[in-house]
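Please read the structure below before turning to the comments.
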């Protein structure tokens with residue numbers, strides 16, 4: 001049986017949930033502490049009991065959201081039935097499948113996160129994602145070296161490089177995912193960038209170029225289609 005949240009935890013999550021909605025609606029820069037306080041309907045002292053500043057709130061929010069999103073990554077890394085290359089591809093494909101399952105929600109959040117008013121939010125998210133996911137890449141690379149299916153040096157540095165490439169790829173692709181015009185042209189550009197990433201990762205790890213697949217092409221077509229996400 002799940003533990004019932006304590007009043008402190010419940011209030012903390014209420015503030016974080018409200019802040020997230022406001023950041024998505026108005027942007028981080030344009031959302032004041034007072035707006036959060038008024039929306040949650042709490043005293044100013046209550047807010048500062050939980051957070052020293054809006055920046056501290058953002059840090060806590062990013063911690064909570066990124067850890068929830070990255071939980072499946074650790075599940076893949078811990079699997080004993082997969083070799084390193086299979087784990088790496090599973091990691092890439094799992095992220096893509098999640099985006100398709102919640103397509104409309106993901107696009108809505110992406111439009112908000114990639115707005116100019118959420119630059120601080122986006123950079124914090126990227127920094128936290130690197131800190132959390134890099135150890136997973138490093139573990140997989142070390143396994144691949146032990147299995148002799150990867151041919152590379154310095155697992156830590158290589159993991160950092162691949163992690164940065166992966167996150168920067170998201171930044172590079174997002175304008176084309178969010179652009180509803182010129183769909184055929186956007187699809188071609190997205191596919192080209194995905195292929196370039198797969199080629200780069202394969203060369204870095206010393207594996208066959210066609211052995212890395214960051215995004216199942218069938219999933220990509222589903223994501224780029226005009227169909228709405230399926231509600232449970």
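The values are calculated or read from the model by the stated rules, or taken from the named source; none is laboratory data. Keep in mind that what you see is a predicted model, and the values were worked out from it rather than measured. Glycine gets a Cβ as well: all are built from the backbone with ideal geometry, and neighbour counts include every protein chain shown.
Report yes if some residue within the range 133-153 is in a helix (DSSP H, G or I), touching a residue at least 60 places away in the same chain (Cβ under 8 Å), under 20 Å from the mean Cα position of the chain (by Cα) and within 30 Å of residue 31 (Cα to Cα); otherwise report no. Within the range 133-153, one or more residues are in a helix (DSSP H, G or I), touching a residue at least 60 places away in the same chain (Cβ under 8 Å), under 20 Å from the mean Cα position of the chain (by Cα) and within 30 Å of residue 31 (Cα to Cα).
Taking the condition crowded, with 17+ Cβ neighbours inside 10 Å, more than 16 Å from residue 84 (Cβ to Cβ) and free of Cβ contacts under 8 Å to residues at least 40 places away in the same chain, does residue 197 pass? So residue 197 fits the description; yes. Taking the criterion of being free of Cβ contacts under 8 Å to residues at least 12 places away in the same chain, more than 13 Å from residue 20 (Cβ to Cβ) and either part of a helix (DSSP H, G or I) or in contact with a helix residue (DSSP H, G or I) (Cβ under 6 Å, 6 or more places away or on another chain) (or both), the residues of the range 50-68 that qualify are 55, 56. Can you confirm whether the range 42-49 contains a residue that is surrounded by 16 or more Cβ atoms within 10 Å (Cβ to Cβ) and over 30 Å from residue 198 (Cα atoms)? Looking for residues that are surrounded by 16 or more Cβ atoms within 10 Å (Cβ to Cβ) and over 30 Å from residue 198 (Cα atoms), one finds at least one in the range 42-49, hence yes.
Entry remark, the range 140-163: residues being within 15 Å of residue 92 (Cα to Cα) and at pLDDT 90 or above number 4 in total. Residue-level analysis places residue 189 among those that are over 30 Å from residue 80 (Cβ atoms), modelled with pLDDT of 90 or more, surrounded by 14 or more Cβ atoms within 10 Å (Cβ to Cβ) and assigned by TED's automatic domain parsing to the domain that holds residue 90.
For residue 37, the criteria (1) closer than 30 Å to residue 203 by Cα; (2) touching a helix residue (DSSP H, G or I) at 6+ places or on another chain (Cβ under 9 Å) hold in every case but one, which is (1).
Residue by residue, here is whether (1) part of a helix (DSSP H, G or I); (2) assigned by TED's automatic domain parsing to the domain that holds residue 122; (3) over 13 Å from residue 125 (Cα atoms) holds:
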{"position": "22", "(1), (2), (3)": "yes, no, yes"}
{"position": "37", "(1), (2), (3)": "yes, no, yes"}
{"position": "42", "(1), (2), (3)": "no, no, yes"}
{"position": "70", "(1), (2), (3)": "yes, yes, no"}
{"position": "76", "(1), (2), (3)": "yes, yes, yes"}
